[in-house]
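Chemist: Okay, here's the structure, questions in a sec.
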Amino acid sequence: MPTQIYLEIQGDVNTEGATKGYTRVDTAQGSVAHFIQFLTTAIASGSGPFPAGSRVPVPVSQSATLYFSDAAYGTPPAVGVPPTLSISSPIFPTRPKPVTGLYQAADGTTLQVQTNAGQVVGFTGVGKDGHHYTLSIEISSASAPGRVKGTMATWLFARMTMAQDANPALIVGFGYCPSDNLVNVFAECANVETSLLIDYSQSQLPSGTTTLTNNLTYYNVSFMAQALKFPASESNPGMYLAVSEALWPYLSPLTYFAPALEAIASHTAGVLPKIPAPNTPAVEVGSIAFGAYTPPTLSEASFIYNAIGTVGPALGPLAATAMNAGLSAGSALEAAVEWLAWYAVVIDNSSLIAALAADYQEWVTWYEENQKTGSTQKPVPFFYPKDPTGHMITYHEDPWAPKPASNQAGPTAPTQQSGPDAPTQTKSSSVAQSASTR
């Protein structure tokens, strides 16, 4: 396991015109050039030198502050001079838990609570700084790119949107694709997105492993695609979203709503059972399988019933592992995705049911096509499958990724899902009907 995680910033290294003491990495979009700047001293020890104009990954410490060329980031301060930010750094001191139904912002103001069927689905408030803040959540299902290049899969998406006045909204959330064994945790604002793709397809195998791919995109151009494989028995690999590093100009709403997020997460924490020891979230989410069952012996209702009971307690904790709790924004981000997962599992599970139903139907189709061979166990997708040309596939394509020369076979999982038939889950009303692309 690495002792230090780095952001692999990729693009054309260009030191000309960069602020003294900083390194700049450029990308061209038509006639507009966008770039990222960071302290040269933040480059990993022993790396480089990086000649001007070379297109290479530059390993930068994850604690580094990134300055994108968007106006919100301003000009980096001179080396040795502490930066002066237009917003306060997010600091979340411990506060007494508010009474259920009464939620407070970081400055002590009482928030207006938005509800749907008696459940909290958002907040609004006017801070003591005079700014107007809003927060809303959205649960949906949608067809989006899956594991195999050129194919679409059914995903559950859970998103939280936070905004200050008319400024660009900060969006935090996750996607879950049971048919492809993927969870994608993301945070974005304006033209910057940081995401962590969790591939748990191998977590249930003997000596199981989980693979993470850390992505950073700017104007939809990848500046980082860093992969890490670690034992599935470990709860936290130490690779996180680059929220504090890349989205720091936009964290004011997160700071404002932090106490409310932590309070509501604590209120809902006891509703779902704990993950059975010694399983980790990745192992638990990866444990739903069809095993030796056949479609006549395992109904869709029974599969969905048992899958929700298994995945439900683990989905939030798995998404939360993408948040760095050691940073000031970490606990609020963890609370945000845990609340979203709870809502998607307990209150509005229609999108989760849709994703699991698609997984079941894919299995039925596979079974009907393969039963003549005598095989009843659908192979578990292996890490980073390759298309017929040998090209390695990831959820976010990395334009600088090497092109392997040969294909690779994947293992199968002999695990089995047990449980009696159960009635179909009731579909709750959706918080929002529109589908997300993430």
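The values are calculated or read from the model by the stated rules, or taken from the named source; none is laboratory data. The shown structure was predicted, so the numbers you read here are calculated from the model rather than taken from an experiment. Note: ideal-geometry Cβ built from the backbone for every residue, glycine included; neighbour counts use all protein chains shown.
Chemist: Go over the candidates A142, A158, A163 one by one and state the one that is part of a strand (DSSP E or B), surrounded by 14 or more Cβ atoms within 10 Å (Cβ to Cβ) and at pLDDT below 95. Let's see the steps before the verdict.
Modeler: On the way: A158 fails: at pLDDT below 95; A163 fails: at pLDDT below 95.
None of the other options fit; the residue is A142.
Chemist: In region 137-171, what residues are more than 18 Å from the chain's Cα centre (by Cα) and either within 28 Å of P249 (Cα to Cα) or touching a residue at least 60 places away in the same chain (Cβ under 8 Å) (or both)?
Modeler: V148, K149, G150, A163, Q164, D165, A166, N167, P168
Chemist: Restricting to region 194-225, give me the number of residues that are outside any strand (DSSP E or B), within 21 Å of P278 (Cβ to Cβ), out of contact with any Gly (no Cβ under 9 Å at 6 or more places or on another chain) and among the polar types (S, T, N, Q).
Modeler: So the count comes out to 1.
Chemist: Then there is this: Considering only residues that are surrounded by 23 or more Cβ atoms within 10 Å (Cβ to Cβ) and of a type in the set (F, W, Y), which ones fall in region 298-339?
Modeler: Matches in region 298-339: F303, W339.
Chemist: While we're here: Any residue that is more than 17 Å from the chain's Cα centre (by Cα) and at positive phi - is there at least one of those in region 215-225?
Modeler: yes
Chemist: Report, by residue number, each residue of region 236-267 that is buried (at least 21 other Cβ atoms within 10 Å of the Cβ) and among the polar types (S, T, N, Q).
Modeler: S244, S252, T255
Chemist: Determine, yes or no, whether L228 is in a strand (DSSP E or B), among the aliphatic types (A, V, I, L, M), surrounded by fewer than 22 Cβ atoms within 10 Å (Cβ to Cβ) and at pLDDT 90 or above.
Modeler: On the way: in a strand (DSSP E or B): yes; among the aliphatic types (A, V, I, L, M): yes; surrounded by fewer than 22 Cβ atoms within 10 Å (Cβ to Cβ): yes; at pLDDT 90 or above: yes.
Considered against the rule, which asks whether it is in a strand (DSSP E or B), among the aliphatic types (A, V, I, L, M), surrounded by fewer than 22 Cβ atoms within 10 Å (Cβ to Cβ) and at pLDDT 90 or above, L228 comes out as yes.
Chemist: Inside region 25-50, can you point out the residues that are assigned to a loop (DSSP other than H, G, I, E, B) and at pLDDT below 75? Lay out the reasoning, then the answer.
Modeler: Here is the first cut: in region 25-50, the residues assigned to a loop (DSSP other than H, G, I, E, B) are 30-31, 44-50.
Once the filter is applied, which keeps residues that are assigned to a loop (DSSP other than H, G, I, E, B) and at pLDDT below 75, region 25-50 yields G30, S31, G48.
Chemist: Specify which of the listed residues (P76, P2, P98, P59) is touching a Ser or Thr at 6+ places or on another chain (Cβ under 6 Å) and either modelled with pLDDT under 60 or within 30 Å of N236 (Cα to Cα) (or both).
Modeler: P59
Chemist: A further question follows. Checking the conditions here, which among S69, S89 is of a type in the set (S, T, N, Q), out of contact with any Gly (no Cβ under 8 Å at 6 or more places or on another chain) and modelled with pLDDT under 55?
Modeler: After ruling out the rest, the residue left standing is S89.
Chemist: Consider only pairs whose beta carbons are under 8 Å apart and that are at least six residues apart or on different chains; among these, list those whose first residue lies in region 297-311 and is at negative phi and whose second residue is surrounded by fewer than 17 Cβ atoms within 10 Å (Cβ to Cβ) and of a type in the set (A, V, I, L, M).
Modeler: Pairs that qualify, where the first residue is at negative phi and the partner is surrounded by fewer than 17 Cβ atoms within 10 Å (Cβ to Cβ) and of a type in the set (A, V, I, L, M), are A301/A422; S302/A422; Y305/A422; N306/A422.
Chemist: If I go through region 100-113 residue by residue, how many of them are more than 12 Å from I264 (Cβ to Cβ) and either free of Cβ contacts under 8 Å to residues at least 24 places away in the same chain or buried (at least 17 other Cβ atoms within 10 Å of the Cβ) (or both)? Break it down stepwise before answering.
Modeler: Pass one, region 100-113, residues more than 12 Å from I264 (Cβ to Cβ): 105-110, 112.
Checking which are either free of Cβ contacts under 8 Å to residues at least 24 places away in the same chain or buried (at least 17 other Cβ atoms within 10 Å of the Cβ) (or both) leaves us with 105-106, 108-110, 112.
So the answer is 6.
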